[in-house]
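Please treat every number below as a calculation from the coordinates, not as lab data. Model, not experiment: these values are computed from the prediction. Cβ atoms come from the backbone with ideal geometry, glycine included; neighbour counts cover every protein chain shown.
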Ligand SMILES: [Zn+2]
Ligand SMILES: [Zn+2]
């Protein structure tokens, strides 16, 4: 899935200048830009075509140890990484992204909320809808709760009104092991 505007469907563009931090924004300015949290003066590893949605952000791009510019790539392109993660059917890739990227580096609530408000999480009666309109699968809720960022875990707990670690009853099918 490409990173598009929830209002008009246009591909979001990466703001690099005249902004304190890298941010994704609809060229028609439908919605507030998504702040990636990464200082726009810091260089990251560039991938040709990434901003056009032509790069598959799978685990192979993030084998540890990650250099600092590669960590910043992960943070700037975290929406694309989350889209891949949610749709990934390869168990090894899914697990590597979780362990090497999401657990240590996912710390931006706006990014998570934007992705969870997109059709990447299918609407169903047993898929919980949060206060912000975000949707989450039970499996995904548990995985994202493994991240180190307390901001993210607080968002998951508060947005989805979870108590006792249970949310809904709809397990996301586990990716096929291989
Ligand atoms: Zn738009
Ligand atoms: Zn994958």
Handout entry: Global geometry of segment 1-130, whether rounded, prolate or oblate, following the gyration tensor of its Cα atoms and the 1.5 cut on a/c
Key = oblate
Handout entry: Span from the segment 21-38 Cα centroid across to the segment 44-72 one, whole angstrom
Key = 19 Å
Exercise for the section: Can you tell me how much longer the chain between residue 89 and residue 68 gets when fully stretched, taken as 0.36 nm per residue apart minus their C-alpha distance, in nm with one decimal? Expected result: 4.7 nm
Handout entry: Distance in nm between pseudo-label sites at residue 11 and residue 124 (7 Å out along the Cβ direction from Cα)
Key = 3.1 nm
Practice task
Multiply the residue gap between residue 157 and residue 99 by 0.36 nm, knock off their C-alpha separation, and tell me the result in nm, one decimal place.
Solution key: 18.8 nm
Completion exercise
So the compactness index of segment 1-70, its C-alpha Rg divided by 2.2 N^0.38 Å, takes the value 1.19
Handout entry: the chain: relative contact order as a whole-number percent, Cα under 8 Å and 6+ apart
Key = 18 percent
Handout entry: Where labels lie 7 Å past Cα in the beta-carbon direction, separation of residue 4 and residue 28 in nm
Key = 1.2 nm
Handout entry: Tail beyond 21 Å, pair distance distribution of segment 66-136 (Cα, percent)
Key = 29 percent
